[in-house]
Amino acid sequence: MILDILTEELKQLEPDVAIIKTYWKNADYDNRIIILEKKGQAVSNWQDAAQINILKELQALKNQREQYHDIIARYEDTAGLIDLFKNDEIELQKLTIDVKQLAKAIRNFKIQLLLHDEQDTSPCFISINCGAGGTESQDWAEILLRMYTRFCEQQNFDFSIIDYVVGEEAGIKGATLFVKGKNAYGLLKNEHGIHRLVRISPYDANKRRHTSFAGVHVVPETPKVEIAINTEDLKIDTYRAGGAGGQHVNKTESAIRITHIPSGIVVQCQNERSQIQNKETALKMLKAKLAQKQEEEALAKSASYEKKKIEWGSQIRSYVLHPYKMIKDHRTDFESQQPDLVLDGDLMGFIESCLVQNSSAH
């Protein structure tokens, strides 16, 4: 009995260990350590700021390498001990604590590896906008909104819907979530892009298959660079909040819409009853979007940049509900044959596969 439990617990750790190994290989940290050591040997003045940064990075990577080898060794040793004592209930009982501690260490190290960027810990804004296609796309945008709210609930994130624009017949034209929690931006950042749905339309009397698109925009609340905004560049409008009822509806013009004239970026907030609070939140979102735009423009000038158009074929993920059931991420080829679970917020498989793939860029 104990043997079966321990074997199953160890088996459940296999995907996490595989992620750790793949990430470590893709990131090529061992080679990075060699490069930094060579740079360090050529340094004559360790008081120089640039050299201090080299030393810090080198030490951090060495510590991470030590943790990596320790985790892998503990996993392999534990598997060996379970096999060795498979007929010894007393020894197996002693191993139950070790396996639980190992599971915690593996999962913590996996998150530490995958989410290492400074902004990963930041709260974030998630904006969802329907594509062309009227009711179909608006319904799809609302389905995505529910998917992300369910994901946030599963991760114990605090979130609020700060903007909500209802569709003409069903669904939403757009909505924005503000999400706070451990590694909120780090986990959600790769949801940024075009999401495509293929299904039999519930709004088509002839039961034909329809394809719908919606755009998801994710920005960290705290940008890497400080953005200065000239008030003369802003057009600020107030309006009555509207939407799904409850906190989204009030009788005064407390909702705020800010247009940044030079960039054309528009942000809205209607979550709070206070116009002042809505304005503060909208300005935070504007700064976050301007910072991201600045980063994207800088990236666009680099030689490695590939332009990606928002059109058919450029979507990051397809959700096919008919004629078969399959959700596929086109960046990683990660797939799920359980769309109901994914649309109910089970996104970790897609999130982790993206983070692992992106490690090769570091």
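The values are calculated or read from the model by the stated rules, or taken from the named source; none is laboratory data. Since the model is a prediction, treat every value here as computed from it, not as a measurement. Because the Cβ atoms are built from the backbone with ideal geometry, glycine has one as well, and the counts that use them run over all protein chains shown.
Is segment 249-256 home to any residue that is surrounded by fewer than 17 Cβ atoms within 10 Å (Cβ to Cβ), among the hydroxyl-bearing types (Ser, Thr, Tyr) and either modelled with pLDDT of 90 or more or not in a helix (DSSP H, G or I) (or both)? Even if it seems obvious, please write down each step before you answer.
So in segment 249-256, the residues surrounded by fewer than 17 Cβ atoms within 10 Å (Cβ to Cβ) come out as 249-253.
Applying the additional criterion that residues be among the hydroxyl-bearing types (Ser, Thr, Tyr) yields 252.
Remaining after also requiring either modelled with pLDDT of 90 or more or not in a helix (DSSP H, G or I) (or both): 252.
Within segment 249-256, one or more residues are surrounded by fewer than 17 Cβ atoms within 10 Å (Cβ to Cβ), among the hydroxyl-bearing types (Ser, Thr, Tyr) and either modelled with pLDDT of 90 or more or not in a helix (DSSP H, G or I) (or both).
Quick check: anything in segment 216-231 under 20 Å from the mean Cα position of the chain (by Cα), surrounded by fewer than 18 Cβ atoms within 10 Å (Cβ to Cβ) and under 17 Å from Ser263 (Cβ atoms)? Spell out the reasoning first.
The initial filter retains those residues of segment 216-231 that are under 20 Å from the mean Cα position of the chain (by Cα), namely 216-224.
Then drop every residue that is not surrounded by fewer than 18 Cβ atoms within 10 Å (Cβ to Cβ), which leaves 217, 222, 224.
Okay, now just the ones that are also under 17 Å from Ser263 (Cβ atoms), so 217.
For segment 216-231, residues under 20 Å from the mean Cα position of the chain (by Cα), surrounded by fewer than 18 Cβ atoms within 10 Å (Cβ to Cβ) and under 17 Å from Ser263 (Cβ atoms): present.
Quick test for you: out of Glu142, Glu136, pick the one residue that is in contact (Cβ under 8 Å) with a residue 12 or more places away in the chain, buried (at least 18 other Cβ atoms within 10 Å of the Cβ) and in contact with a Phe, Trp or Tyr (Cβ under 8 Å, 6 or more places away or on another chain). Don't jump to the end; show me each part of the working.
Numbers: Glu142 fails: in contact with a Phe, Trp or Tyr (Cβ under 8 Å, 6 or more places away or on another chain).
The unique qualifying residue is Glu136.
Going by the structure shown, is Ile71 under 20 Å from Ala18 (Cβ atoms) and in contact with a Ser or Thr (Cβ under 9 Å, 6 or more places away or on another chain)?
No; evaluated as a whole, the condition is false for this residue.
Can you tell me which residue is farthest from Lys180 (Cα to Cα) among those in segment 141-169 that are more than 14 Å from the chain's Cα centre (by Cα) and hydroxyl-bearing (Ser, Thr, Tyr)?
Once the filter is applied, the top-ranked residue is Tyr164.
Please work out which residue is surrounded by the fewest Cβ atoms within 10 Å (Cβ to Cβ), limiting yourself to segment 161-194 and to residues that are closer than 26 Å to Thr121 by Cα and charged (D, E, K, R).
Applying the first criterion (closer than 26 Å to Thr121 by Cα) to segment 161-194 yields 161-164, 174-194.
Filter again for charged (D, E, K, R), leaving 163, 180, 182, 189, 191.
Working: Asp163: 28, Lys180: 15, Lys182: 13, Lys189: 23, Glu191: 23.
Only one residue fits best here, namely Lys182.
Can you tell me which condition Ala228 does not meet? The list is (1) under 19 Å from Pro123 (Cβ atoms); (2) assigned to a loop (DSSP other than H, G, I, E, B), and all the others hold.
(1)
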